[in-house]
């Protein structure tokens, strides 16, 4: 299991048709790969959480939008049954709360989880023991 510190961008803007396409196009034009995404609407505001290959460059392309930086941990691990239970159990045993997590896996492949916890440095230490 490989666990590293990373950053993601929480982008908010008034919800409108084409917003996600616009943001994804800006990343493409800047040569920034979107490695993970979570997008949702709350009231009339769209929130797009981006884990990218270059958050600095991505943020530069979105100065007209509200962008919040978030430190996260990125966990690369085997995509097998029970792996999330193992990770969450180790963090729980160490008294570390998971604030949010997202990821996906293809059959028989490794997965990447992007996670924020109450203690990211301790989480990295706990998961790499």
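The values are calculated or read from the model by the stated rules, or taken from the named source; none is laboratory data. Quick caveat, the model's predicted, so the values are computed rather than measured. A quick note on method: Cβ atoms are made from the backbone with ideal geometry, for glycine too, and the neighbour counts reach across all protein chains shown.
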#### Entry: Residue within region 24-33 that is in contact (Cβ under 8 Å) with a residue 12 or more places away in the chain, within 19 Å of residue 113 (Cβ to Cβ) and not in a loop (DSSP other than H, G, I, E, B) present
no
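Restricting attention to region 46-60, and to residues there that are farther than 13 Å from residue 34 by Cβ and either assigned to a strand (DSSP E or B) or more than 15 Å from the chain's Cα centre (by Cα) (or both), which single residue is modelled with the lowest pLDDT? Break it down stepwise before answering.
Our first condition is that a residue be farther than 13 Å from residue 34 by Cβ; within region 46-60, this holds for 46-47, 56, 59-60.
Filter once more, so that each one left must be either assigned to a strand (DSSP E or B) or more than 15 Å from the chain's Cα centre (by Cα) (or both): 46-47, 60.
Details: 46: 97, 47: 97, 60: 94.
Selected residue: 60.
Among the candidates 73, 124, which residue alone is within 15 Å of residue 2 (Cα to Cα), in contact with a helix residue (DSSP H, G or I) (Cβ under 9 Å, 6 or more places away or on another chain) and touching a residue at least 60 places away in the same chain (Cβ under 8 Å)? Full working, then the answer.
Values: 124 fails: in contact with a helix residue (DSSP H, G or I) (Cβ under 9 Å, 6 or more places away or on another chain).
Among 73, 124, only 73 is within 15 Å of residue 2 (Cα to Cα), in contact with a helix residue (DSSP H, G or I) (Cβ under 9 Å, 6 or more places away or on another chain) and touching a residue at least 60 places away in the same chain (Cβ under 8 Å).
Looking at 17, 32, 67, 74, can you tell me which residue is at pLDDT 95 or above and within 13 Å of the chain's Cα centre (by Cα)? Before the answer, list the steps.
On the way: 17 fails: within 13 Å of the chain's Cα centre (by Cα); 32 fails: within 13 Å of the chain's Cα centre (by Cα); 67 fails: within 13 Å of the chain's Cα centre (by Cα).
Among 17, 32, 67, 74, only 74 is at pLDDT 95 or above and within 13 Å of the chain's Cα centre (by Cα).
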#### Entry: Hits in region 77-106 (condition: modelled with pLDDT of 95 or more, part of a loop (DSSP other than H, G, I, E, B) and either on the phi > 0 side of the Ramachandran plot or surrounded by 15 or more Cβ atoms within 10 Å (Cβ to Cβ) (or both))
94, 95, 96
### Task
Give the residues of region 34-45 that are over 24 Å from residue 105 (Cα atoms) and in a strand (DSSP E or B), sorted by residue number.
41, 42, 45
